[in-house]
Each structure stands twice: as structure tokens, then as C-alpha cells.
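Encoded as C-alpha cells, the structure appears first; notes follow it.
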Amino acid sequence: MTLLSIRGLTKRFGAAEVLKGVDLEVNKGEVVSIIGASGSGKTTLLRCVNLLEDFDGGEIVLDDVAIGYVKRNGTRRRLGERELARQRAMTGMVFQSFNLFPHLTALGNVMLGLLKVRHMAKAEAKTLAMNWLSRVGLSDRAMHLPSQLSGGQQQRVAIARALAMDPKLVLLDEITSALDPELVGEVLDTIKSLAKEGTTMLIVTHEMRFARDVAHRTIFMDGGLIAEQGPSAKLFRNPGNARLKEFLKRANI
Amino acid sequence: MAYSFRFGVIEANLDNFLQGLLLGLALAFAAILIGTLIGLLCAFATTAKSRAPSRLVGIYVSAIRNTPLLVIVLFVYFALPQLGIRLGKLESFIFSLAIYSGAYLTEVFRAGLAGVPKGVVDAGRAIGLNGLQRALYVIMPIMWRNCLPALGTTFISLFKDTSLAAVIAVPELTYQARKLNTETFRVAEAWATASLLYLSTCLLIAAGLRQLERRFPKF
């Protein structure tokens, strides 16, 4: 069953065309990774899906709803802030630089969305948040501020914050790139266990081995387009595209 | 030095001094309250996508910051009635200090907002917080902490600025000192007392603000 369907997505920043017509389908329960060189449009694609960026053409359909824009009498208009906020809550996003709320504890970070967006009662939100913190192995750090946590711990709190909102789709944007090498493992293990439980994920990553081992399917982006895609095992073993071959050789997988 | 201090006169008038001090604090409090609202509104307005609010705020801030407060106070009290806007002494001074502090606080809050990481605001967006919720639960708490030190300095200097209310005969501390000066000619005692009261009050406020900074450590 198709959960996310992107059709002909285009996006430009001034004169630079960053996305040149991206088509992508993601099924429910599928883990798809996106690889490619810097500037190939991977992160922009994720940010469009989470409506953090507007886009110029094409459409993004999430769970049968075209998101971000309404079409009326042939003109296309960006939705209002309230509606955008509601649609954003359908996807969860984890960022490269964690982006935890610095003034809130780990628990407070996970609870904020539950209280204000999902309008849960405080006790209920706290139970659910503690539940998620323990799933990422951080129940003993619940009352710590982000500044008192290691990078790996912060990123796991960010994962708990995103997942606690019960999103239909989770977007991960180079979530290990800002981590010390010895902390990468704990974060990737968390993602692996989520993948096993059937969480639908779209993962932008520079960790080629991770993409190969965890993602059902891998997308290679080049110059704002999907240059090649296929089952991860096959794509890494037997790349067809010349640029992909070059990219994988340099990534030294 | 032929001057001999006689502080008995101060003792007899201590009530007036203290009442003057309290009035000054009250004026500062009211003006800062309004000024904070103006400052928040203006600072957030400059973050809007459209450029017009930013321009208007820029004009307001530079107009006010490049006019002496004394002139603003005199203008509001003496000139506005000619233009049909008549305010009482207290209201007039509070209004003057409010628009004055609003301009300075706009700049303080703007600096505080600039220090809110964009990624953190994106994270608020990503979990589905709407604009108002992001401002209340994400941006403002971080902004407050960012501008706490600058805010303290501004508050103290605004409190000291209440001494200008003396020129329109608002009976605050400076007015009381001048009154005692002219009535008793105990010049040194009057101004020494006023100075000491200003100094100790400002030191107290500063100590309180330092406590606040310690209570809310930097993230």
C-alpha cells in the first residue's frame, strides 16, 4: 500500500534548480534510503515532504492527501499556517544537528508535541514520553537538559520526540553526520529496531553500510533527480549508473 | 571646606525621599511593562516575511533612539496638549518612558531572537506546532535567556531615567531632592541622599538579576 507518493516535484532557490522533477513512492512499512553527493537535493526533498520548504511544482501525496497546497480554479496556493502545522504532524523528522529544545529536559522535549499538538493530558503524555525514552534507552536521562547529554543521547531523544507523535512517516536527515564515530552505533541501532517494527522511514544518509543493511530500497540522487533506484542489496552490489559507481567507489563501501 | 553636614534635615524628610523612590520604581515598572510589550511586538514584527513591518520598526527605533529622552518627555507633556492630546503628569511621563524603552527593548529582543537557532524552530514546526505555539513554547523561552544580561542593563538604566520626571514636577526622588535643596539649602545632604538611594536601589536590582541569571543557566 502506497503511503507517500511524490510526483514531478520541482524546487528552486533563486536561479538554482535544486529538484528537477522527482518521482518517488514509498509503501507502508518500507524503509527507503536516499544517497547522493552534497547538493544533489536529498535534504531539500525531505524538507519538502515535511513542508519545511515550499515547492514550485508537482505534488506530494501522503496517505491519499495532497499536502502543502490547494488547487482552486487552476491556481495553486500554499495552505495556511494552521493547516500546514496539522499536516506536518503526520510526518516526524529527525535532524542532522538534533535540534532539541535547549530549555526543556529530555522528557520535556518529548512531551511538548504530545501536550500542545496532540492535546494529551499531562499524565498521559508523561507516561507515553517515558515509554519512548526507555525504548531509546534513556529513561535514566529523562530529567537532563540537552546540554547535559552526549550527542548520541541527544539524537536518541530527538528520535523519541519524533516517534512519540505517532507519525505515519519518519524522515531522517543525515542523523549521524554530526556525531563522533563512537556514538554513531547507538543511534543506528535505534533506527534498526524501529525498522524491524515496521516504521515507515525515508532516510537521507552518508552511512552506506547502514543504507545497504537497513533500507529495503535505496535511491541515488544526482543533480536534483533520482538517477537510480532499486533494492538496496542489488543497488550496492551491482550499480548501473556511472555516477553512482563513481560515488560508491569514493564512499569506499 | 566651610560646609558642615547636617543630616537632621534628611531624617525629617526621609519619608518624602522614600516615597519619591517608590514612585520612581512604580513609573519604571509601568513604563517597562508597556515597553516590553512594544518591544516584543516590534521584534517579532521584524521576523515577518514581508519587509514593510521591518521598515516601520526601523523608523520607530531610530527616531526614538536618536532623540534625547528629556526632549521626548517635554514634547509629550508640553507639546501634545497643543495638538489636542492632554495627559496627566504621571500618564504623560509613563507614556514617554514607555515609547522610549520600547525602542531599546526592541533591539534587545531582536538580538535575543537572532540567537534562537533556526534548526530548533524547524524542530518545533516538524512536530506540528503552529506559529503562535512555536513563539510561546520554543522561541520566547530561548529568547528570554539570550537577552537576560542585556535586559538587566536596560532595566537599570530605565529606572535611572525616571529622574527626568522631575522636570515636569512628578514628585519622584530627584524632585524631592531638588525641593529639599531649594527649601532648606542643605544642598550636599539632599543630593548625597538622592545619589545613595539611586545607587543602592540599582545595586539591589542588579543583584536580583544576577540571581535570575544563575537560576536559569545558559543552555
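The values are calculated or read from the model by the stated rules, or taken from the named source; none is laboratory data. What you are looking at is a predicted structure, and each value in this text was computed from that prediction instead of being measured. In this analysis, Cβ positions are derived from the backbone assuming ideal geometry, glycine residues included, and neighbour counts consider all displayed protein chains. Only protein heavy atoms, including side chains, enter the accessible area calculation; ligands, DNA and RNA are left aside. Shrake-Rupley method; radii C 1.70, N 1.55, O 1.52, S 1.80 Å.
Please report the carbon-and-sulfur percent of the accessible area for chain A; probe 1.4 Å, protein heavy atoms only, DNA, RNA and ligands left out.
47 percent
Under 5 Å between amide H atoms, partner at least 5 residues away or on a different chain: which partners does A:Glu228 have, H built in plane at 1.01 Å?
Amide H to amide H, under 5 Å and 5 or more residues apart or across chains, A:Glu228 pairs with A:Phe220.
Give, as a single signed number, the net charge of other residues whose beta carbon lies under 14 Å from the beta carbon of A:Leu169, with Lys and Arg counted +1 and Asp and Glu -1.
Neighbourhood net charge equals -2.
Can you give me the angle between helix B:89-114 and the longest principal axis of chain B, using Cα atoms only, in degrees from 0 to 90, rounded to the nearest 10?
Value to nearest ten degrees: 40.
Roughly speaking, to the nearest percent, how much of segment B:1-131's 1.4 Å accessible area is carbon and sulfur?
67 percent
Within the set of other residues whose C-beta is less than 12 Å from the C-beta of A:Leu107, count the net charge using Lys and Arg as +1 and Asp and Glu as -1.
Result for the neighbourhood of A:Leu107: +3.
Compare the Cα positions of B:Leu136, B:Ala150, B:Gln176 along the charge dipole of segment B:117-183 (+1 at Cβ of Lys, Arg; -1 at Cβ of Asp, Glu; about the Cα centre) and return the one farthest towards the positive end.
B:Leu136
If you count, for each residue, the other Cβ atoms within 10 Å and average over each peptide, how do B:136-146, A:97-107, A:180-190, B:76-86 line up from highest to lowest?
In descending order of packing, they fall as A:97-107, B:136-146, A:180-190, B:76-86.
Computed FRET efficiency, Cβ-Cβ of B:Ile205 and B:Leu136, R0 22 Å: what is it to the nearest 0.05?
0.20
Please give the average number of partner chain Cβ atoms lying within 10 Å of the Cβ of each residue in A:72-84, rounded to a whole number.
Partner Cβ neighbours, averaged per residue: 1.
From the convex hull of the Cα coordinates of chain A, what is the mean projected area in square nanometres?
Seen from a random direction, the Cα hull of chain A projects 14.4 nm² on average.
Quantify how strongly other chains surround peptide B:128-139 by giving the mean number of their Cβ atoms within 10 Å of each of its Cβ atoms.
Shielding by partners across B:128-139 averages 5.
As I understand it, the dipole of chain B uses +1 on the Cβ of Lys and Arg and -1 on the Cβ of Asp and Glu, about the Cα centre. Which of B:Val76, B:Ala12, B:Asn66 lies farthest toward its positive end?
About the Cα centre, the residue reaching furthest to the positive side is B:Asn66.
Could you work out the mean count of beta carbons from other protein chains within 10 Å of each residue's beta carbon in B:116-125?
Other-chain Cβ atoms within 10 Å of each residue's Cβ, averaged: 6.
Tell me, what does the Kirkwood hydrodynamic radius of the protein assembly as shown come to in angstroms if you use every pair of distinct C-alpha atoms?
Computed over the protein assembly as shown, the radius equals 26.3 Å.
What ranking do A:192-200, A:85-93, A:70-78 get when scored by the average of other Cβ atoms within 10 Å per residue, highest first?
In descending order of packing, they fall as A:85-93, A:192-200, A:70-78.
Residues with amide H under 5 Å of A:Val31's amide H, sequence separation 5 or more or different chain, H placed in the peptide plane at 1.01 Å from N; which?
Distant-sequence amide H within range of A:Val31: A:Met201, A:His216, A:Arg217.
Amide H neighbours of A:Leu169 under 5 Å, counting only residues 5+ apart in sequence or on other chains, H built in-plane at 1.01 Å?
A:Gly92
Please check segment B:175-219 for residues whose accessible area, probe 1.4 Å, is lower by 40 Å² or more when all protein chains are in place than in their chain alone.
Buried on complex formation: B:Phe219.
Chain B: Rg/Rh from Cα coordinates, Kirkwood Rh?
Answer for chain B: 1.07.
Which net charge results for the neighbourhood of B:Leu148, defined as the other residues with beta-carbon distances under 11 angstrom from its beta-carbon, given Lys and Arg at +1 and Asp and Glu at -1?
+4
Assigning unit charges at the beta carbon (Lys, Arg +1; Asp, Glu -1) and nothing else, what dipole magnitude in debye, to the nearest 20, does segment B:8-215 show about its Cα centre?
Dipole about the Cα centre, nearest 20: 920 debye.
Could you tell me how many degrees, from 0 to 90 and to the nearest 10, lie between the Cα long axis of helix B:140-161 and the main elongation axis, the longest principal axis, of the Cα atoms of chain B?
Tilt of helix B:140-161: around 20 degrees.
Using only Cα atoms, locate the centre of segment B:11-83 and the centre of segment B:123-181, then give the distance between them in Å, rounded to an integer.
Computed from Cα coordinates, the inter-centre distance equals 10 Å.
At a 10 angstrom cut-off on C-beta neighbours, averaged per residue, how do the peptides A:155-165, B:161-171, B:119-129, A:30-40 rank from highest to lowest?
A:155-165, B:119-129, A:30-40, B:161-171
What's the buried accessible area, both sides, between A and B using a 1.4 Å probe, rounded to 100 Å²?
1900 Å²
Using a loss threshold of 30 Å², tell me which positions in segment A:94-113 are less accessible in the complex than in their chain alone. Probe radius 1.4 Å, ligands and nucleic acids ignored.
SASA drop of 30 Å² or more in segment A:94-113: A:Phe95, A:Asn99, A:Phe101, A:Pro102, A:His103, A:Leu112.
Can you work out the Karplus-derived ³J(HN,Hα) for every residue in segment B:24-41? Use 6.51 cos²θ - 1.76 cosθ + 1.60 with θ = phi - 60°, whole Hz, and x for glycine or proline.
So the J values, rounded to whole Hz, are x, 4, 5, 4, 4, 4, 4, 5, 5, 4, 5, x, 5, 4, 4, x, 4, 4.
What whole-number value in Å² describes the accessible area per residue of chain B for a 1.4 Å probe?
Ligands and nucleic acids excluded, the figure is 53 Å² per residue.
Does any residue of segment A:149-163 lose at least 20 Å² of accessible area with all protein chains in place compared with its chain alone, and if so which ones (probe 1.4 Å)?
Those are A:Arg161, which lose 20 Å² or more relative to the chain on its own.
Quick one: of A:Lys168/A:Lys249; A:Lys20/A:Lys71; B:Lys49/B:Lys160; A:Lys42/A:Lys245, which pairs are farther than 30 Å apart, Cα to Cα?
Where the Cα-Cα span goes over 30 Å, the pairs concerned are A:Lys168/A:Lys249; B:Lys49/B:Lys160.
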